[in-house]
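The structure under discussion appears below in the form of structure tokens.
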Amino acid sequence: MNDSKNKNAKHFDLFTKEQSQQKYKIMKRWTLLSLLFALGLAASTCIAQMTPPDKAKAEAAEHARILATLALPDVKALRAAITFLQVTYGSRYPRGAEFLDRLAALEKVPNATALAALQREALIANPLVSGQPILFTTHFQYRPDHHNTETMFQTGEINTAKFQGGGALRVIDFAKGGVVRTLVDAGKEGVVRDPEVYFDGSKVLFSMRRNIKVDYHLYEVQADGSGLRQLTSAPGVFDINPFYLPDNAIAFTSSREPKYCMCNRHIMGNLYRMEADGANIVQIGKNTLFEGHGSLLPDGRILYDRWEYVDRDFGDAQGLWTMNPDGTSHAIYYKNNTGSPGAAIEGRAIPGTSWVVCTFSSCHDRPWGAIAVVDRSQGVDGRAPVIRTWPASAVELVKENGSFDTFKTVYPKYENPYPLSDKFFLCSRMVGKGEQMGIFLLDVFGNELLLHTEEPGCFNPIPLAARPRPPALPWRCDYGEGSGTFYIQNVYEGTHMADVKPGTVKFLRVIEQGEKRSWTPSAWNGQGTESPAMNWHDFANKRILGTVPVEADGSAHFVVPAGKFIYFQLLDENQTMIQSMRSATTIQSGETQGCIGCHDDRLMVPKRVTHQTLALKRAPSTLNGWYGPARFFNYRTEVQPVFDKNCVACHDFGKEAGKELNLAGDRGLAFNASYFDLWQKKYVKLIGGGPAPIQPAYSWGAHASRLTKVLDGSHYGVKLSEEERQRVITWMDLNGPYYPDYFCAYPNNRYGRSPLNDAQLKQLVELGIDLKSQEATTRVSFDRPEKSPCLAVFPSPNDPKYLQTLAIIQAGKDALNKNPEADAPGFKPCQLDTARNAKYDAQWRLEQRNRAAIAAGEKVYDPPVAAELQ
């Protein structure tokens, strides 16, 4: 780490706080005309955004102040840039002395118009700007939706109607006076996005959607606009964010494994790779949510942004990750445990450094916010690695415990950063006309220059020129359906393991988190939007693949099925969780993957091992399931029988102990009674959708829960068998899941789970039963309708309203007996779930076909282009 810091020391002097703030100092000698111009831009922005009058006035004043600052050049910043360019480029920047003389004259006789003209002339003369054409796209800013990942608006999905056409792929050449030419025009109904230039600058890869009736596919065109060809054409999926790999293959993001975000209803995407001609498309990212904006690091690895959450909040769980181009060695790069920003996306390596530039964004926003430079040698989380932001003030918003939507307050908004060098950057930025974006040149001296804008907006600036080709890394997998091997050197190494004494960890549990393949209109609002209801305060279903031994020296060595999204838990001698991952990993068939320890510091140097660890002296352990074959955890079948046998005699409806804690299994509108009471009355201390920072060992789960204390036999002599105890303990350690499946039987009813429809629930309300709040969901019992607590509001069982209420609840019981929900035997998914799952299975068969072709040395392609794309 120290070597890395020293290596980059020569760059750091230009990223000081003082220089970072220079562009925010408004010089006293500016003309009133320039200030009024900036105020006008701000006012038009507020009007376009249709904000309420009072709020609009406040925003207009603040935006005017910011835009005035940014619109007016800073003399010191401009001098620093000119001087640097003169020294660095010499004869390639021949007018440097002239620019400095003109600047000195303007200091004596201030003229804002002349200074702005000088800034433009001097900065565009930069060989990195005028020495190569700049490629960019034009289109409308993506319409707002639930999350910054949602820009595709795929056909047939919840937000298809938000797609807005009108765009092109264009080139501007400042060496020729800023002449603009069009390479590809998508027309009024289409959009071109995500261009990437080939290593020798000869061709361009991009994604294009012809109209709202079809989806994004990948295309390639020569640098002069000739030779347009379509590379992908699979119907009903999107292909976006393409980029070239060192071996001439292509990687991109696609919805070819159709899945939905667990905290809402929107289609997700994973990383794929294919041959240069579009053949043999295979999945190389298997995370349950979204992977996008891939680019290459100088060492040949892929840098990408990844949205995923395991037992944690959805809103701050998007950071920068790395992987090999074959899909092996997925690892965090920056921001896995930082609350604000909610997202670090669009990462690109900065030439000549070990830094990256990226966009700091929010969860519930478009993929824009602030631009940031990250020096990973200073850490993988928090503010320490953030050495520069645009705007400079945005760095104050970086907080490990911050809010995931804080960066929505940044103004103006920036996105699509591209590093020309370690000093100069292209990006897309608001120009002050509503949401219209322009191409800007940023530098570390404090200058921000609008290079070009046109309606409806400009995005994705990238030089149309040659660039270095990183090395091609060797393949480490076979793309089969086999397994991979994990190795952990010492589970006691790493952060938040200081209080765990060596020898305490006896086992390692491997858990799979499943993907969500469908959704419902109605939702349970726990930690976030669950559609349908899954758990009290978490989104995921969990499957225990098995446990493996941890040796006395802390090492572990085990085999895991390939292509599973998995995480690990450390267990003590009683198989109770000590520590748990709240992120996940995956392994490819034939891959071997290792780490220093659990929750290890990714920057730490491994301790020197002078002898072979105990786990490597034997064959890798195999997974053994959990009280039977691996299956997704179902509270009603795994845990409730323990309470039925040992607890319900006292802890039931109508019993004194039941008032304190009801452990009956009666099913309510979403969950059953015992599950509801254990969570609501805090008998379990679980993390739910917990905070971003890593949690200390023993801080949640069975070790920290009140319920555990009554499982030891001291509670009125109740003694559980070891298996019964393990079923309850493990449920807590898995973060208290309830449903095993995202599929449901009643998608259009409340919470996506209730057997009573809206009309029946309305009848209950009219009868005097309040079921509006989620806390009222167990006021009905569909197993024993007569035990329903809500009936207590009636004075007598003979009351007509009592009888009507009982009849409606009985109807719910009859419905569940005929058509059980996912927590009961005999469950069958609804028709829509079945259709979505059929699409998933069809895509998986294509994936298997493509993998088989690779193994056989053959080539297979997407189906022919649909007629409407001709």
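The values are calculated or read from the model by the stated rules, or taken from the named source; none is laboratory data. Because the structure is a prediction, the values reported are computed rather than measured. Positions of Cβ are backbone-derived with ideal geometry, glycine not excepted, and every protein chain shown enters the neighbour counts. Heads up: the accessible areas ignore ligands, DNA and RNA and are worked out on the full protein's heavy atoms, side chains in. Shrake-Rupley method; radii C 1.70, N 1.55, O 1.52, S 1.80 Å.
Filter region 824-851 for residues that are surrounded by 15 or more Cβ atoms within 10 Å (Cβ to Cβ), within 24 Å of MET274 (Cβ to Cβ) and of a type in the set (A, V, I, L, M) and give the result.
Within region 824-851, just LEU846 meets the criteria.
Looking at this structure, is LEU832 among the aliphatic types (A, V, I, L, M) and either under 32 Å from the mean Cα position of the chain (by Cα) or at pLDDT below 95 (or both)?
Yes, satisfied.
Which of the residues belonging to region 315-329 are open to solvent by less than 10 Å² (accessible area, probe 1.4 Å) and modelled with pLDDT of 95 or more?
Within region 315-329, GLN318, GLY319, LEU320, THR322, MET323, ASP326, GLY327, THR328 meet the criteria.
Given the options PRO691, PRO620, PRO629, PRO641, name the one that is open to solvent by 30 Å² or more (accessible area, probe 1.4 Å) and within 30 Å of GLY382 (Cβ to Cβ).
The unique qualifying residue is PRO691.
What are the residue pairs meeting all of these: first residue in region 256-283, first residue in a strand (DSSP E or B), second residue of a type in the set (Lys, Arg) and open to solvent by less than 10 Å² (accessible area, probe 1.4 Å), Cβ atoms under 7 Å, and 6 or more apart or on different chains?
TYR260/LYS516; VAL282/ARG273
Are there strands (runs of 3 or more DSSP E) fully within region 462-566 with at least 2 residues that are basic (Lys, Arg) and either touching a residue at least 60 places away in the same chain (Cβ under 8 Å) or under 30 Å from ALA223 (Cβ atoms) (or both)? List them.
542-549
Kindly indicate the residue of region 778-826 that is of a type in the set (Lys, Arg) and in a helix (DSSP H, G or I) and also farthest from PHE653 (Cα to Cα) among those meeting that condition.
LYS818
Of the residues VAL398, VAL444, which is among the β-branched types (Val, Ile, Thr) and either in contact with a helix residue (DSSP H, G or I) (Cβ under 8 Å, 6 or more places away or on another chain) or under 24 Å from ARG467 (Cβ atoms) (or both)?
Result of the check over VAL398, VAL444: VAL444.
Using beta carbons and a limit of 7 Å, which pairs, at least six apart or on different chains, have the first residue in region 650-668 and of a type in the set (Lys, Arg) and the second one crowded, with 18+ Cβ neighbours inside 10 Å?
Filtered contacts from region 650-668: ARG667/PHE782; ARG667/LEU816.
Under 6 Å between Cβ atoms, at least 6 apart or on separate chains: pull out the pairs that start in region 363-382 with a residue that is more than 15 Å from HIS293 (Cβ to Cβ) and end on any residue that is open to solvent by 10 Å² or more (accessible area, probe 1.4 Å) and of a type in the set (Gly, Ala, Ser).
SER377/SER4; GLN378/ALA384
Of ARG301, ARG312, ARG229, which residue is touching a residue at least 60 places away in the same chain (Cβ under 8 Å), basic (Lys, Arg) and open to solvent by 10 Å² or more (accessible area, probe 1.4 Å)? Lay out the reasoning, then the answer.
Details: ARG312 fails: open to solvent by 10 Å² or more (accessible area, probe 1.4 Å); ARG229 fails: touching a residue at least 60 places away in the same chain (Cβ under 8 Å).
Of the residues listed, the single one that is touching a residue at least 60 places away in the same chain (Cβ under 8 Å), basic (Lys, Arg) and open to solvent by 10 Å² or more (accessible area, probe 1.4 Å) is ARG301.
Only one of ALA48, ALA77, ALA56, ALA81 is at pLDDT below 70, part of a helix (DSSP H, G or I) and surrounded by 14 or more Cβ atoms within 10 Å (Cβ to Cβ). Can you tell me which?
The match here is ALA56.
Among the residues of region 469-478, are any within 27 Å of ILE250 (Cα to Cα), of a type in the set (Asp, Glu) and either open to solvent by 30 Å² or more (accessible area, probe 1.4 Å) or out of contact with any helix residue (DSSP H, G or I) (no Cβ under 9 Å at 6 or more places or on another chain) (or both)?
yes
What number of residues in region 666-683 are outside any helix (DSSP H, G or I), buried (at least 21 other Cβ atoms within 10 Å of the Cβ) and not acidic (Asp, Glu)?
Going through region 666-683, the residues outside any helix (DSSP H, G or I) turn out to be 666-672, 681-683.
Retained after the next criterion (residues that are buried (at least 21 other Cβ atoms within 10 Å of the Cβ)): 666-672.
Next cut, not acidic (Asp, Glu) only: 667-672.
Summing the residues that are outside any helix (DSSP H, G or I), buried (at least 21 other Cβ atoms within 10 Å of the Cβ) and not acidic (Asp, Glu) in region 666-683 gives 6.
Here's a check for you: in region 760-775, which residue that is closer than 22 Å to LYS681 by Cα and in contact (Cβ under 8 Å) with a residue 24 or more places away in the chain is nearest to the chain's Cα centre (by Cα)?
Result: GLN774.
Within region 722-759, count every residue that is of a type outside the set (D, E, K, R), under 23 Å from ASP677 (Cβ atoms) and more than 32 Å from the chain's Cα centre (by Cα).
Of the residues in region 722-759, 3 are of a type outside the set (D, E, K, R), under 23 Å from ASP677 (Cβ atoms) and more than 32 Å from the chain's Cα centre (by Cα).
Where the second residue is modelled with pLDDT of 95 or more and part of a helix (DSSP H, G or I) and the first is loosely packed, with under 10 Cβ neighbours inside 10 Å and lies in region 788-800, which pairs have Cβ atoms under 8 Å and are six or more apart or on separate chains?
SER796/TYR802
Does ARG543 meet the test of being open to solvent by 20 Å² or more (accessible area, probe 1.4 Å) and at pLDDT 95 or above?
Spelling it out, ARG543 is indeed open to solvent by 20 Å² or more (accessible area, probe 1.4 Å) and at pLDDT 95 or above.
Would you check if ALA343 is modelled with pLDDT of 95 or more and closer than 27 Å to ALA81 by Cα?
no
Here are ARG170, ARG143: which of them is charged (D, E, K, R) and either open to solvent by 60 Å² or more (accessible area, probe 1.4 Å) or in contact with a Cys (Cβ under 6 Å, 6 or more places away or on another chain) (or both)?
Just a single option satisfies the conditions, and that option is ARG143.
Within region 741-756, is there a residue that is polar (S, T, N, Q) and in a helix (DSSP H, G or I)? Spell out how you get there, then give the answer.
If we filter region 741-756 for residues that are polar (S, T, N, Q), which is where we start, we get 748-749, 754.
Now drop any that are not in a helix (DSSP H, G or I), which leaves none.
No.
Collect the residues in region 494-528 that are out of contact with any strand residue (DSSP E or B) (no Cβ under 7 Å at 6 or more places or on another chain), within 30 Å of ALA670 (Cα to Cα) and of a type in the set (Val, Ile, Thr), keeping them in residue-number order.
THR520 - this is the single residue of region 494-528 that is out of contact with any strand residue (DSSP E or B) (no Cβ under 7 Å at 6 or more places or on another chain), within 30 Å of ALA670 (Cα to Cα) and of a type in the set (Val, Ile, Thr).
So, in region 504-538, how many residues would count as being in contact with a Cys (Cβ under 8 Å, 6 or more places away or on another chain), surrounded by fewer than 24 Cβ atoms within 10 Å (Cβ to Cβ) and acidic (Asp, Glu)?
0
Can you tell which of LYS188, LYS108, LYS162, LYS203 is surrounded by fewer than 20 Cβ atoms within 10 Å (Cβ to Cβ), over 30 Å from VAL237 (Cβ atoms) and either touching a helix residue (DSSP H, G or I) at 6+ places or on another chain (Cβ under 9 Å) or not aromatic (Phe, Trp, Tyr) (or both)?
Just a single option satisfies the conditions, and that option is LYS108.
Hey, can you tell me all the residues within region 428-456 that are within 27 Å of the chain's Cα centre (by Cα), outside any loop (DSSP other than H, G, I, E, B) and more than 18 Å from ALA125 (Cα to Cα)?
Residues satisfying the conditions are SER428, ARG429, MET430, MET437, GLY438.
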